[in-house]
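The values are calculated or read from the model by the stated rules, or taken from the named source; none is laboratory data. Owing to the predicted nature of the structure, the values given are computational and were not obtained by experimental measurement. Virtual Cβ from ideal backbone geometry, glycine too; neighbours counted across all protein chains shown.
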Amino acid sequence: MPSQELDLTGVSEDAVNLRNMMQGVLGRVQTVFQSYNVELPARQYWTMASPAVDCEQLVIYFQQMYLGAPGAEVGEPQRCHVPRSASLAVSISRATPIVSQNGRPPSPDAIEAASEVLAIDAWVLMESINQLDQWDETGYGVGVVATLDVSPPEGGFQTTTMLVTMAVP
């Protein structure tokens, strides 16, 4: 039986912390983009591995989890009671101008127009970290580590990716 058909109804609440975090990050990013009135691609999901970029999409994907607070030295021994941190990627892939069928490169105006959307995505993504460190009404968590970059155009798409390391609530 494939794993996607497993009955998870009896699974302990402690076992779903990472799943809940992934769903929470997706929801928080969606909310931040809505607050800036920036339209996201219609395809939006989270996954446990790097996604295929075959359309415009927002994807939250898992990279690794380790014992310790975000930014802690991973190679140093930690006590079992310290927070567990997860490194995730938040990526937004958008269509980008490509070489036409007659071999002409995209116009500078078309490249700038696509870049404008990517720059807005980058800014709003980095602003979303303010919401990713808040896991309850009592205030901020233990902090986050975040970096952001934009990939070169590939296959008609360009992806803005924020790598974030945060405590698993």
Seminar exercise, completed: Pairing a residue in the range 53-70 that is over 16 Å from MET162 (Cβ atoms) with any residue that is acidic (Asp, Glu) and surrounded by fewer than 18 Cβ atoms within 10 Å (Cβ to Cβ), where Cβ atoms lie under 8 Å and the two sit 6 or more apart in sequence or on different chains, gives GLY68/GLU76
For this session: Pairs only if they're at least six apart or on different chains, beta carbon under 8 angstrom, first in the range 1-29 and closer than 24 Å to ARG84 by Cα and among the basic types (Lys, Arg), second part of a helix (DSSP H, G or I) and at pLDDT 80 or above; list them, first residue then second.
Result: ARG28/GLN131; ARG28/LEU132
Exercise. With (1) within 29 Å of THR31 (Cβ to Cβ); (2) buried (at least 16 other Cβ atoms within 10 Å of the Cβ) as the list, and GLU127 as the residue in question, which single condition is left unmet?
Worked result: (2)
